[in-house]
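Read through the structure below, which is laid out as structure tokens, and then see the notes.
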Amino acid sequence: AGARLRGAAARGRAALLARYDRTLAAHPGLAERLRPLRADVARHVRAFGGTEPGASASPKTSGSPRASAGTGGPPAPVASRSAEAGVPADPGRALSALANAERAAADALTRALGGAPPELARLFASVAAAGAVHVYLLTDGE
């Protein structure tokens, strides 16, 4: 049960990470604000044993060190750039959509606490708390 929960958490965080990447690709002006949050989510993916979306493609997509520095990670692969259409055109609405995704992800981890083994439950609680902080930073804090 623990491995199944850990895998689901890794997939959920990887999906959130991909959303950060799409938002950053659609709104490069938000990079300074989103870069640290995206880095946290990438660490969460790894903590759950997952891999970052596009991680295997990063050597092909990153032509220079400066290219990855702007988003806190590898740029979105060309194939996934069409997904940017799902990001609101307005930066404020894009931040709200990202905050809603963070909230939903944190809520899912909180709901899974009861069925998780103790060590995994502590990790879920910690990552859910980080997600709550991300929601605050995306909505109120700057």
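The values are calculated or read from the model by the stated rules, or taken from the named source; none is laboratory data. No experiment lies behind these values; they were computed from the predicted model shown. Don't worry about glycine lacking a Cβ; one is built from the backbone with ideal geometry, like all the others, and counts go over all protein chains shown. Areas reflect the complete protein model, heavy atoms only, side chains present, ligands, DNA and RNA absent. Shrake-Rupley method; radii C 1.70, N 1.55, O 1.52, S 1.80 Å.
For region 99-142, what are the residues that are among the acidic types (Asp, Glu) and part of a helix (DSSP H, G or I)?
Those that are among the acidic types (Asp, Glu) and part of a helix (DSSP H, G or I): Glu102, Asp107, Glu119.
Filter region 116-142 for residues that are surrounded by fewer than 18 Cβ atoms within 10 Å (Cβ to Cβ) and in contact with a Gly (Cβ under 9 Å, 6 or more places away or on another chain); which is farthest from Arg33 (Cα to Cα)?
Pro117
Answer with yes or no whether Ala39 is closer than 26 Å to Tyr136 by Cβ and either more than 15 Å from the chain's Cα centre (by Cα) or at pLDDT 95 or above (or both).
Criteria met by Ala39.
Ser96 is checked against (1) assigned to a helix (DSSP H, G or I); (2) within 24 Å of Ala3 (Cβ to Cβ); (3) open to solvent by 40 Å² or more (accessible area, probe 1.4 Å); (4) at pLDDT 90 or above and fails just one. What number does that condition carry?
(2)
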